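The values are calculated or read from the model by the stated rules, or taken from the named source; none is laboratory data. Computed from a predicted structure; not experimentally measured. In this analysis, Cβ positions are derived from the backbone assuming ideal geometry, glycine residues included, and neighbour counts consider all displayed protein chains. Accessible surface areas use protein heavy atoms only, side chains included; no ligands, DNA or RNA. Shrake-Rupley method; radii C 1.70, N 1.55, O 1.52, S 1.80 Å.
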Amino acid sequence: MVFAVYRLVGTDHSRWHDACVIEYEPTNSADFNQPKEFEMKMTQVRRQVQKGFTLIELMIVVAIIGILAAVALPAYQDYTVRARVSELAILASGMKATIGENVANNAGLLDATACNGVTDIATATKNVLSSTCASGVVVVTGTPAAKDVTLTYTPLVNADGTITWKCVGSVDKYVPAECRTGA
């Protein structure tokens, strides 16, 4: 006599696995293959076994999403402020080009005329509050959206007449790498 064990939902729940295991005794070798009614019952069992997620699985997913959000949101906020501060640096780069031309036309001398042709921004934009130029020193100030960051570019004329710019930012966390005090 041969016994085959098939998994089905039974009625005896004395042990945990007993609810899933029944014994099937085939009458001949042709019955050793799963009968049609057994296949239909297996299909019903598969449908009944998993209808959705358990509460603990859902709680784990919510916890993972919470952790990711706690890490991602501050990083994203810093990124957006850095993008706003980069507008200050771009505005200053146009001013630096004009100052460089003025110094070159003045035989490499840095004086009060270094800011000729540089337009100070007096009307605030979304990210730039103001900009000033005095004796070649450019100061660009950001709005509260840019965390009130101030970038100060100071020209240094080298012996060969080239200009090296020194940048100092008010908040290292948001300023470009060239303007950080550790750079």
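Evaluate the following for Ser130: is it of a type outside the set (Val, Ile, Thr), closer than 20 Å to Gly169 by Cβ, in a strand (DSSP E or B) and at pLDDT 90 or above? Quick ask: steps written out before the conclusion?
On the way: of a type outside the set (Val, Ile, Thr): yes; closer than 20 Å to Gly169 by Cβ: yes; in a strand (DSSP E or B): yes; at pLDDT 90 or above: yes.
Yes: the conditions hold for Ser130.
Each row is one residue, and each column tells you yes or no for (1) farther than 24 Å from Val175 by Cα; (2) outside any helix (DSSP H, G or I); (3) modelled with pLDDT of 90 or more.
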{"residue": "Met95", "(1), (2), (3)": "no, no, yes"}
{"residue": "Gly100", "(1), (2), (3)": "no, no, yes"}
{"residue": "Gly108", "(1), (2), (3)": "yes, yes, no"}
{"residue": "Ala114", "(1), (2), (3)": "yes, no, yes"}
{"residue": "Val138", "(1), (2), (3)": "no, yes, yes"}
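Might you check whether a residue that is open to solvent by less than 60 Å² (accessible area, probe 1.4 Å) and within 36 Å of the chain's Cα centre (by Cα) occurs anywhere in region 111-125?
Yes, region 111-125 has at least one match.
Does Glu37 meet the test of being modelled with pLDDT of 55 or more and under 30 Å from Cys115 (Cβ atoms)? Don't jump to the end; show me each part of the working.
Details: modelled with pLDDT of 55 or more: yes; under 30 Å from Cys115 (Cβ atoms): no.
The answer is no for Glu37.
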